[in-house]
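The values are calculated or read from the model by the stated rules, or taken from the named source; none is laboratory data. All of these numbers come straight from a predicted model, not from anything done at the bench. No Cβ is skipped: glycine too gets one built from the backbone with ideal geometry, and neighbour counts run over all protein chains shown. With ligands, DNA and RNA removed, areas are computed over all heavy atoms of the protein, side chains included. Shrake-Rupley method; radii C 1.70, N 1.55, O 1.52, S 1.80 Å.
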Amino acid sequence: MVEFTVAEYLPMADTTPLMKKSAIANGTEKPATPPTPPLWLSYVKLTRIHKFPLGSMLMFWPCAWGVTMAAIAVGLPWKSLALNTALYLVGATLRHSAGCVWNDICDIDFDRKVERSKGRPLAAGLVSVAGAFSLFLVLTLLCIGLLAFVNSEALRAGLFGLFFLDLLYPFMKRWTHWPQAWLGLAMNWGAPVSWIAITGSVDWRVAPALLLGGVFWTLHYDTIYACQDKHDDVKAGVKSTAVLFGDAVRSILACFSALFMACLAYAGWVAQQGPAFFAVAIAGGTLHLIWQLRTLDFDSVNDCLRMFKANDDLGFLIWVGLMAEYVRVVLLA
């Protein structure tokens, strides 16, 4: 039996002998065809689960913030908080995977024109559109199954995210230079949903502030991510904030970062968060964002990816501030 490993399909150094390269260049010899990966591996790569926690955690952190802030407001017991947090981690991972599959279905032609994405399973012809769509349906049904555990208000709000925000996102890069703003709504929709799931209602001061702050945060980190492809995007006709902002990207992202922290601070103030939240989440988060913007080289693909990943640490830092408040207000009360 032939066994395949993920490592076989990772980029490797070119070890083709010089004479063979010359023969290939002269047309006297055909280049070796790389081995076709097994179908199961192509489906795994389609969901991006092999890159976990990349992307999934950025969808999870707003859920964790909403759950924890709501838990403080209602005095939710520790076991219930832990269970809800775990469920949202699973749900965010499934929803992120479903979104990646749907995005690849819609963007096959674009992906083939961008160096970083042309090897994706659909763009490379390793998976059929029908097979990808079947996987998308399975992942979406699993998300709905998790939503069924919460109250009807949260279920309706969650379905709006799944069937409106998520489905329309791939088309935004065709219609506007601001697809990152729509992505911000989709990525952070878990914040109001998780608040509703715990409290049973919408606090129209807290939940919208968390959502709006998350949109500004997504504009920050996804513009950084999009800077990896900005030259290919221009050639392919893909619209993005990375292309739109041009050389002013650092200054504009500084404004978005400030608005993100302002919204988060307002939500914390309205929800009567204490000093631990403002010291760790707000002050610590502000310093983290300043470090990102001062040190990032927007013209370096590797640096953009590194800083995009660093936003996972920022999301965790904000959650630590909220958890410190939960311990003080609920567990030590």
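Tell me whether region 150-165 contains one or more residues that are outside any loop (DSSP other than H, G, I, E, B), closer than 24 Å to Gly268 by Cα and open to solvent by 30 Å² or more (accessible area, probe 1.4 Å).
Yes: one or more hits.
Name, by its number, the condition in (1) more than 22 Å from Asp313 (Cβ to Cβ); (2) part of a helix (DSSP H, G or I) that does not hold for Asp299.
Going through the list (1) more than 22 Å from Asp313 (Cβ to Cβ); (2) part of a helix (DSSP H, G or I), Asp299 breaks only (2).
Kindly indicate the residue of region 166-199 that is touching a Gly at 6+ places or on another chain (Cβ under 6 Å) and closer than 13 Å to Ala92 by Cα and also most open to solvent (accessible area, probe 1.4 Å) among those meeting that condition.
Result: Trp189.
Check Gln273 against each of (1) assigned to a helix (DSSP H, G or I); (2) open to solvent by less than 30 Å² (accessible area, probe 1.4 Å) and name the one condition it does not meet.
Tallying (1) assigned to a helix (DSSP H, G or I); (2) open to solvent by less than 30 Å² (accessible area, probe 1.4 Å), Gln273 fails exactly one: (1).
Does Asp233 satisfy the criteria of being under 19 Å from the mean Cα position of the chain (by Cα), assigned to a helix (DSSP H, G or I), acidic (Asp, Glu) and closer than 22 Å to Ile105 by Cβ?
no
Residues Leu141, Leu185: which one is under 17 Å from the mean Cα position of the chain (by Cα), closer than 28 Å to Thr85 by Cα, assigned to a helix (DSSP H, G or I) and of a type outside the set (D, E, K, R)?
Being under 17 Å from the mean Cα position of the chain (by Cα), closer than 28 Å to Thr85 by Cα, assigned to a helix (DSSP H, G or I) and of a type outside the set (D, E, K, R) holds for just one of Leu141, Leu185, which is Leu185.
Conditions: (1) in a helix (DSSP H, G or I); (2) hydrophobic (A, V, I, L, M, F, W, C); (3) under 20 Å from His177 (Cα atoms). Phe278 meets all but one. Number of the miss?
Going through (1) in a helix (DSSP H, G or I); (2) hydrophobic (A, V, I, L, M, F, W, C); (3) under 20 Å from His177 (Cα atoms) one by one, Phe278 breaks only (3).
Does any residue of region 303-321 turn out to be open to solvent by 20 Å² or more (accessible area, probe 1.4 Å) and more than 23 Å from the chain's Cα centre (by Cα)?
No: region 303-321 contains no residue that is open to solvent by 20 Å² or more (accessible area, probe 1.4 Å) and more than 23 Å from the chain's Cα centre (by Cα).
Could you identify the single residue in Leu89, Leu46, Leu83 that is modelled with pLDDT of 60 or more, closer than 30 Å to Val327 by Cα, part of a helix (DSSP H, G or I) and touching a helix residue (DSSP H, G or I) at 6+ places or on another chain (Cβ under 6 Å)?
Step by step, each of Leu89, Leu46, Leu83 is checked, and only Leu89 is modelled with pLDDT of 60 or more, closer than 30 Å to Val327 by Cα, part of a helix (DSSP H, G or I) and touching a helix residue (DSSP H, G or I) at 6+ places or on another chain (Cβ under 6 Å).
Pairs, please: C-beta under 6 Å, at least 6 apart or cross-chain, first residue aromatic (Phe, Trp, Tyr) and in region 47-70, second surrounded by fewer than 20 Cβ atoms within 10 Å (Cβ to Cβ)?
Phe60/Leu89
May I ask you to say which residue of Phe298, Phe256 is buried (at least 17 other Cβ atoms within 10 Å of the Cβ), modelled with pLDDT of 95 or more and either under 21 Å from the mean Cα position of the chain (by Cα) or within 30 Å of Arg328 (Cβ to Cβ) (or both)?
When all the criteria are applied, what remains is Phe256.
Across region 114-144, what is the total count of residues that are surrounded by fewer than 16 Cβ atoms within 10 Å (Cβ to Cβ), among the basic types (Lys, Arg) and touching a residue at least 40 places away in the same chain (Cβ under 8 Å)?
Final tally of qualifying residues: 1.
If a residue has to be more than 25 Å from Gln228 (Cα to Cα) and assigned to a helix (DSSP H, G or I) to count, how many in region 92-138 make the cut?
Number of matching residues: 11.
Do we find that Leu147 is modelled with pLDDT of 85 or more and either on the phi > 0 side of the Ramachandran plot or open to solvent by less than 30 Å² (accessible area, probe 1.4 Å) (or both) in this structure?
Judged against the criteria, Leu147 is a match.
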